[in-house]
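A.B. asks: So that we are looking at the same thing, I have put the structure below in structure tokens.
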Amino acid sequence: MHLLLDSTLSEVEWIDFIERNRVKNVGVPDELQIEIRQSFIEPYQIVSLACLIEEFDQVDVPIVFSRNHCSADMYLNHVRFFEYWTQGFDRHAFITPGKRTTFALWKISQSRISIYADESKKYFENLVFTGKDLSPLHIALSETFNNIFDHAESGVDGFVLYQYYPRVHRLNTAICDFGVGIPSKIKTIWSDRLRTPVNDQDALRAAFINRMSTKTTPQNRGFGLSNLLGNIRNIKGELIVYSNAAGIRFVENNVYYRSLPAALGGTLVKFSFDPSNLPKKEEEIDNEEYFF
Amino acid sequence: MNSTTIDIDMMDVTRGTSTNPQGAALFIVLKKHLLDGSRIRLSLKDASPMCSSFLNSSFGELIDEFGLVKVRSSISLVHYTASQASTLKAYFDAYERYVKK
């Protein structure tokens, strides 16, 4: 099976491309050959492609990359993408790419959620955005990762990558899983209460309302995704989520909806912000006790 | 019942503040001292930002067991940042607004 990535697909077209080429739709080929001829590749494309490859790797399909000298190939080489599915490579480790504007592509591991969130916060605070407090990024990552392990039931866990673009002053983050999807989970809990069917867009929108909990674990109280959104909004960022047949975009105080031609079996989360909107690093208050 | 004040450094209890198990580790320690009738002075020195899973499994569980009034009056913070205090206060307020209604 040969996958050629040679055009500039829109986000929705890209997601459709990934979904159409999943193991469940194409079966198990003898080999998966991937050729990338794009001039530019974004974090959301890389993490969703990583999930796709991971799925083939799990059914022992050999992964072969046809290399060339396009810019996207060079970038992927830089983040060591081509090594990720070689024998003995630990995809759960954080591999520093050697370029300070990128933080490691990481296969999300439940036991290392806080280490990854801590390390990425420190990395950007110390090397890129000195004097800024990256707590909103830390919280957004933790909320999204926990959502995967608490609700998604993703066979490939998930992948995350972020990239800072200095020329446009944006830090872009993308996280993808191949789980059941947020609308699917929400509709399951609603099915007991509602007699009329609910569409994926309404279900996805509802997931961002405080106290919307699927109670997948006893500790769930429905603050996770609303906390993710709140943190991104506080720094004037943009949050886009695609899950099942729905897409939703939060920017400033507006909400926009998108439909996907083929339902994504999973969730793709993108958020981006201008780091100058991050709060300044705070001093610890040492001389005063705080009472609630 | 005594009224001793106990000093607890949160990062001595848990290695992170991102997950349910890390919150549960803090919950166990705080619960023990609340059962003893102690007041708790909780140091947030070098603590990471607290996400909702951590808060639910620590303070949320504590409030479920002891009630919001008891938790608010028994725990104070030291070595904290303004945003850490504000996160916890917002969590207590949200709990009061949504969970107990």
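The values are calculated or read from the model by the stated rules, or taken from the named source; none is laboratory data. The structure presented is a predicted model; accordingly, all values stated were derived computationally and were not measured. With ideal geometry, Cβ positions are generated from the backbone for all residues, glycine too; neighbour counts draw on all protein chains shown.
A.B. asks: Just one of (1) surrounded by 13 or more Cβ atoms within 10 Å (Cβ to Cβ); (2) within 26 Å of A:SER243 (Cβ to Cβ) trips up A:ARG20, so point out which.
C.D. replies: (1)
A.B. asks: Residue check: is B:VAL29 over 29 Å from A:SER111 (Cβ atoms) and modelled with pLDDT of 95 or more? Spell out the reasoning first.
C.D. replies: Values: over 29 Å from A:SER111 (Cβ atoms): no; modelled with pLDDT of 95 or more: yes.
For B:VAL29, the condition - over 29 Å from A:SER111 (Cβ atoms) and modelled with pLDDT of 95 or more - is not met.
For (1) buried (at least 24 other Cβ atoms within 10 Å of the Cβ); (2) over 13 Å from the mean Cα position of the chain (by Cα); (3) of a type in the set (Val, Ile, Thr); (4) not in a helix (DSSP H, G or I), each residue gets a yes or a no:
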site: A:ILE115; (1), (2), (3), (4): no, yes, yes, no
site: A:SER120; (1), (2), (3), (4): no, yes, no, no
site: A:THR130; (1), (2), (3), (4): no, yes, yes, yes
site: A:LEU141; (1), (2), (3), (4): yes, no, no, no
site: A:ASP150; (1), (2), (3), (4): no, yes, no, no
site: A:GLY155; (1), (2), (3), (4): no, yes, no, yes
site: A:GLN163; (1), (2), (3), (4): no, no, no, yes
site: A:VAL168; (1), (2), (3), (4): no, yes, yes, yes
site: A:ASN172; (1), (2), (3), (4): no, no, no, yes
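A.B. asks: Quick one: which residue in A:PHE89, A:PHE56 is among the hydrophobic types (A, V, I, L, M, F, W, C) and either out of contact with any Leu (no Cβ under 7 Å at 6 or more places or on another chain) or assigned to a loop (DSSP other than H, G, I, E, B) (or both)? Don't jump to the end; show me each part of the working.
C.D. replies: Working: A:PHE56 fails: either out of contact with any Leu (no Cβ under 7 Å at 6 or more places or on another chain) or assigned to a loop (DSSP other than H, G, I, E, B) (or both).
After applying the criteria, what remains is A:PHE89.
This table checks each residue for (1) facing chain A (nearest Cβ under 9 Å); (2) in a strand (DSSP E or B); (3) more than 30 Å from A:ILE108 (Cα to Cα).
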residue: B:SER18; (1), (2), (3): yes, no, no
residue: B:ALA24; (1), (2), (3): yes, no, no
residue: B:ILE40; (1), (2), (3): no, yes, yes
residue: B:ALA47; (1), (2), (3): no, no, no
residue: B:LEU62; (1), (2), (3): no, no, no
residue: B:VAL69; (1), (2), (3): no, no, yes
residue: B:GLU96; (1), (2), (3): no, no, yes
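Okay, residues lined up against (1) at pLDDT 95 or above; (2) under 15 Å from B:ASN20 (Cβ atoms); (3) surrounded by fewer than 20 Cβ atoms within 10 Å (Cβ to Cβ):
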site: B:SER53; (1), (2), (3): no, yes, no
site: B:GLY60; (1), (2), (3): no, yes, no
site: B:VAL78; (1), (2), (3): yes, no, yes
site: B:SER83; (1), (2), (3): no, no, yes
site: B:PHE92; (1), (2), (3): no, no, yes
